[in-house]
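A.B. asks: Sharing a structure with you now.
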Amino acid sequence: MPGRLPTQADFPSSVILSVTPPPPSQPATNILILLHGLGDTHEPFTKLATQLNLPETACLSLRAPAPLPFDLPGFHWGDDMVFDQHSGEMDTDTGFAASAGLVLDKVIKQGLMAKCGYAAREVVLFGFAQGGMLALQVAASFREELGGVVSVGGAPSLSAPLPTAGKKNRTSVLVCKASRGSSVTDSAAKRLKDTFEFAEVKEWNRVGDGMMRNREEMLPIMQFLARRLRSRRGVPEGSVELT
């Protein structure tokens with residue numbers, strides 16, 4: 001049986017999210033979970049979900065559970081809030097145990113799978129920066145294969161679980177990073193490929209990580225999603241599903 005379109009009532013009241021249905025007259029065959037970056041909210045990603053307009057795909061845009069300190073606007077996914085003593089900037093990697101548990105247990109397992117009838121393979125994660133780090137940790141923490149993970153400018157967290165010897169995680173992963181000044185370093189890319197069996201790193205010709213800003217940067221993401229999203233109306237021409 002196909003999964004049904006989720007509603008806010010399928011999740012605890014503490015989980016703040018928006019649900020964007022698939023295009024009209026199309027079933028919600030897939031779920032795309034959108035995770036914003038540090039200091040943002042889910043609202044811009046709700047707009048992104050509408051702009052993506054992915055076939056047979058409903059989108060959940062989640063708001064991070066922890067507000068920034070000092071009355072700063074926005075929220076974060078970290079277990080803690082640490083400031084660099086030299087730059088004054090907030091550290092993006094302070095552990096994600098609480099948020100990973102929230103997304104994996106409350107949203108995916110209890111909400112989407114148990115209540116709405118989705119298989120893990122029908123759930124895809126998209127995260128930006130700190131949200132991308134969280135998405136990778138959720139996938140790495142889950143024994144089942146998810147539909148895929150797209151991380152834009154988000155490296156694997158140093159606190160993420162490592163696979164047991166010879167047993168890499170089978171969730172397919174795409175990480176997009178800037179060619180210069182990216183937080184996804186060479187060592188981070190190695191950790192990624194040590195953790196996931198199917199991992200691709202795409203470099204954008206730019207300075208500094210950021211959201212995709214043109215068709216060239218968007219293309220590898222759409223190609224990845226075309227391969228990973230399932231269709232009950234037939235597989236689109238030219239797409240290949242990896243299992």
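The values are calculated or read from the model by the stated rules, or taken from the named source; none is laboratory data. Just so we're clear, the structure is a prediction, and the values are computed from it rather than from any experiment. With ideal geometry, Cβ positions are generated from the backbone for all residues, glycine too; neighbour counts draw on all protein chains shown.
A.B. asks: Can you name the residue in the range 185-218 that is among the small types (Gly, Ala, Ser) and within 22 Å of PRO44 (Cβ to Cβ) and is also surrounded by the most Cβ atoms within 10 Å (Cβ to Cβ) among such residues? Show your work before the answer.
C.D. replies: Going through the range 185-218, the residues among the small types (Gly, Ala, Ser) turn out to be 187-189, 199, 208, 210.
So of that shortlist, the ones also within 22 Å of PRO44 (Cβ to Cβ) come out as 208, 210.
Details: GLY208: 12, GLY210: 16.
So the residue we want is GLY210.
Conditions tested, residue by residue: (1) more than 26 Å from VAL184 (Cα to Cα); (2) at pLDDT 95 or above; (3) touching a helix residue (DSSP H, G or I) at 6+ places or on another chain (Cβ under 9 Å); (4) of a type outside the set (D, E, K, R).
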{"site": "LEU32", "(1), (2), (3), (4)": "no, yes, yes, yes"}
{"site": "LEU54", "(1), (2), (3), (4)": "yes, yes, yes, yes"}
{"site": "ALA64", "(1), (2), (3), (4)": "no, yes, yes, yes"}
{"site": "LYS109", "(1), (2), (3), (4)": "yes, yes, yes, no"}
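A.B. asks: Looking only at the range 30-51, how many residues end up being in contact with a strand residue (DSSP E or B) (Cβ under 7 Å, 6 or more places away or on another chain) and under 25 Å from GLN223 (Cα atoms)?
C.D. replies: Here the count works out to 14.
A.B. asks: Please find, among MET133, MET222, the residue that is without any contact (Cβ under 8 Å) to a residue 60 or more places away in the chain, in a helix (DSSP H, G or I), surrounded by fewer than 17 Cβ atoms within 10 Å (Cβ to Cβ) and under 15 Å from the mean Cα position of the chain (by Cα). Break it down into steps so the answer makes sense when it comes.
C.D. replies: Numbers: MET133 fails: surrounded by fewer than 17 Cβ atoms within 10 Å (Cβ to Cβ).
On inspection, the qualifying residue turns out to be MET222.
A.B. asks: Taking the criterion of being charged (D, E, K, R) and surrounded by 24 or more Cβ atoms within 10 Å (Cβ to Cβ), would at least one residue in the range 173-184 satisfy it?
C.D. replies: The initial filter retains those residues of the range 173-184 that are charged (D, E, K, R), namely 177, 180.
Filter once more, so that each one left must be surrounded by 24 or more Cβ atoms within 10 Å (Cβ to Cβ): 177.
Within the range 173-184, one or more residues are charged (D, E, K, R) and surrounded by 24 or more Cβ atoms within 10 Å (Cβ to Cβ).
A.B. asks: Among the listed residues VAL173, VAL207, VAL240, identify the single one that is farther than 21 Å from GLU56 by Cβ, in contact with a helix residue (DSSP H, G or I) (Cβ under 9 Å, 6 or more places away or on another chain) and either of a type in the set (Val, Ile, Thr) or modelled with pLDDT of 95 or more (or both).
C.D. replies: Values: VAL207 fails: in contact with a helix residue (DSSP H, G or I) (Cβ under 9 Å, 6 or more places away or on another chain); VAL240 fails: farther than 21 Å from GLU56 by Cβ.
Every option except VAL173 fails the conditions.
A.B. asks: For the range 47-76, how many residues meet the condition of being basic (Lys, Arg) and either crowded, with 16+ Cβ neighbours inside 10 Å or touching a His at 6+ places or on another chain (Cβ under 6 Å) (or both)?
C.D. replies: To start, the set of residues in the range 47-76 that are basic (Lys, Arg) comprises 47, 63.
Then keep just the ones that are either crowded, with 16+ Cβ neighbours inside 10 Å or touching a His at 6+ places or on another chain (Cβ under 6 Å) (or both); that gives 63.
Qualifying residue count, the range 47-76: 1.
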